[in-house]
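Visitor: Can you read through this structure? Questions will come right after.
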Amino acid sequence: MVSYRNLRHIGLMTGVAAAAIMAAGVVWAATVTCPLPESSFNAAGCPTGSCHLAEGVVNCVVDTTTQAVTCSGLCNVEVRPATNICYVIGGIGGTDATAHLEVRFESTTDDEDVRAKNGQLNVTQLSAGAPAGGIQISGFTYTLTFDGKTVPLITITEANCNPPL
């Protein structure tokens, strides 16, 4: 037999669980994950023709609250003696590479038509600042390019994001 006290306890616990789930949803909604499957590696960017993801995860995470982009996340791979490695690319021989991250932000612009008069052009000051509501990421590009290659093996952009930026 279920007493009123037991029902009240169950209701309280349900409310606590629902609040925790909603709070976690707010945290989860603040980040957007942008994965890159190994099948998306650009073979032309591989120095040996046999590059593969040996370990880890290749992705970028956009924090829409702080407007920060982190590539690659989940850096918990251990390759003795190094720790906190994000991912390992195998089959590359002894070729070094450069990882590059560029983040682009929205901005406001200001234009003025400048007309010539009497053979002179009087140009006035233009000013632009952060967009209304603060700075927002408009896009990013993460690449991993091997020395001697003109195309990257890995490219992650905002187009890889789910949901999109």
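The values are calculated or read from the model by the stated rules, or taken from the named source; none is laboratory data. On a predicted model such as this, the values are computed, not experimentally measured, just so you know. Note that we place each Cβ from the backbone using ideal geometry, even for glycine, and neighbour counts take in every protein chain shown.
Visitor: Could you go through region 107-125 and let me know if any residue there is under 25 Å from CYS34 (Cβ atoms), within 23 Å of the chain's Cα centre (by Cα), at pLDDT 90 or above and small (Gly, Ala, Ser).
Guide: First, the residues of region 107-125 that are under 25 Å from CYS34 (Cβ atoms): 107.
Subset that is within 23 Å of the chain's Cα centre (by Cα): 107.
Next, from what is left, pick out any that are at pLDDT 90 or above: none.
Checked region 107-125: no residue is under 25 Å from CYS34 (Cβ atoms), within 23 Å of the chain's Cα centre (by Cα), at pLDDT 90 or above and small (Gly, Ala, Ser).
Visitor: Go through the residues of region 107-116 one by one and say whether even a single one is touching a Leu at 6+ places or on another chain (Cβ under 7 Å), assigned to a loop (DSSP other than H, G, I, E, B) and under 30 Å from PRO47 (Cα atoms). So that I can check it myself, show each step before the final result.
Guide: Residues of region 107-116 that are touching a Leu at 6+ places or on another chain (Cβ under 7 Å), as a first pass: 110, 112, 114.
Narrowing further to those that are assigned to a loop (DSSP other than H, G, I, E, B): 110, 112, 114.
Among the residues that remain, those that are also under 30 Å from PRO47 (Cα atoms) are: none.
Among the residues of region 107-116, not one is touching a Leu at 6+ places or on another chain (Cβ under 7 Å), assigned to a loop (DSSP other than H, G, I, E, B) and under 30 Å from PRO47 (Cα atoms), which makes the answer no.
Visitor: Right, another one. Residues LEU126, LEU121, LEU74: which one is of a type in the set (A, V, I, L, M) and on the phi > 0 side of the Ramachandran plot?
Guide: Being of a type in the set (A, V, I, L, M) and on the phi > 0 side of the Ramachandran plot holds for just one of LEU126, LEU121, LEU74, which is LEU74.
Visitor: Okay, next question. Take region 20-56 and flag every residue that is at pLDDT 85 or above, under 24 Å from LEU165 (Cα atoms) and either loosely packed, with under 13 Cβ neighbours inside 10 Å or out of contact with any strand residue (DSSP E or B) (no Cβ under 6 Å at 6 or more places or on another chain) (or both).
Guide: ALA30, SER40, PHE41, ASN42 - these are the residues of region 20-56 that are at pLDDT 85 or above, under 24 Å from LEU165 (Cα atoms) and either loosely packed, with under 13 Cβ neighbours inside 10 Å or out of contact with any strand residue (DSSP E or B) (no Cβ under 6 Å at 6 or more places or on another chain) (or both).
Conditions (1) farther than 22 Å from CYS51 by Cβ; (2) touching a residue at least 24 places away in the same chain (Cβ under 8 Å); (3) surrounded by 12 or more Cβ atoms within 10 Å (Cβ to Cβ); (4) of a type outside the set (S, T, N, Q), marked per residue:
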site: THR66; (1), (2), (3), (4): yes, no, no, no
site: VAL77; (1), (2), (3), (4): no, no, yes, yes
site: THR83; (1), (2), (3), (4): yes, no, no, no
site: VAL88; (1), (2), (3), (4): no, yes, yes, yes
site: GLY93; (1), (2), (3), (4): no, yes, no, yes
site: ASP96; (1), (2), (3), (4): no, yes, no, yes
site: HIS100; (1), (2), (3), (4): no, yes, yes, yes
site: GLU106; (1), (2), (3), (4): yes, yes, yes, yes
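Visitor: With the requirement that a residue be over 10 Å from VAL57 (Cα atoms) and either in contact with a His (Cβ under 8 Å, 6 or more places away or on another chain) or not in a strand (DSSP E or B) (or both), what does region 77-97 give you?
Guide: Hits for region 77-97 are ARG80, PRO81, ILE89, GLY90, GLY91, ILE92, GLY93, GLY94, THR95, ASP96.
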